[in-house]
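Asks: Sharing a structure below in structure tokens format, with a few things to ask.
Since every read-out is calculated from the coordinates, none of them should be taken as a lab result. Keep in mind that this is a model prediction, so the values were computed, not measured. Glycine gets a Cβ as well: all are built from the backbone with ideal geometry, and neighbour counts include every protein chain shown.
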Amino acid sequence: MTLSQLVRGVVGDQRGSVNRYQTSDRHVVVDHSLCFYCGACVAVCPPDSLFLHNGFLSINDETCTRCERCVRMCPVHALSTVKESS
Ligand code: SF4
Ligand code: SF4
């Protein structure tokens, strides 16, 4: 675990909004040109970090644990992880 990951975990715990097991420096992103809003990813997200609203998929990066279940579930590969910019 890097120092930045440790710091983020501490800050997250203080805010009470970040899962303490969140250790990856990657973020889940959605390609809206591929997503057809089926909701399959929403259904498998353990901390309920994915939301469908008005035909738009959004991700709560604060609560996402980077488990990548959603990435593996998406039938059209609209979800991927990208490395966090410093
Ligand atoms: S990586 Fe895991 S926690 Fe994050 S949005 Fe996907 S399923 Fe949810
Ligand atoms: S599983 Fe894929 S296509 Fe379905 S809502 Fe999620 S990102 Fe969009």
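Asks: Arrange the peptides 29-35, 61-67 so that the one whose residues have, on average, the most other Cβ atoms within 10 Å appears first.
Replies: Averaged packing, sorted descending, gives the order 61-67, 29-35.
Asks: Extension gain SER58-SER33, at 0.36 nm per residue separation less the Cα-Cα distance, in nm?
Replies: 7.6 nm
Asks: A further question follows. Quick check on packing: order 36-42, 54-60 by the mean number of other C-beta atoms within 10 Å, highest mean leading.
Replies: 36-42, 54-60
Asks: Return SER49, SER24 ranked ascending by Cβ neighbour count within 10 Å, so the fewest neighbours appear first.
Replies: If I rank by nearby Cβ atoms, fewest first, I get SER24, SER49.
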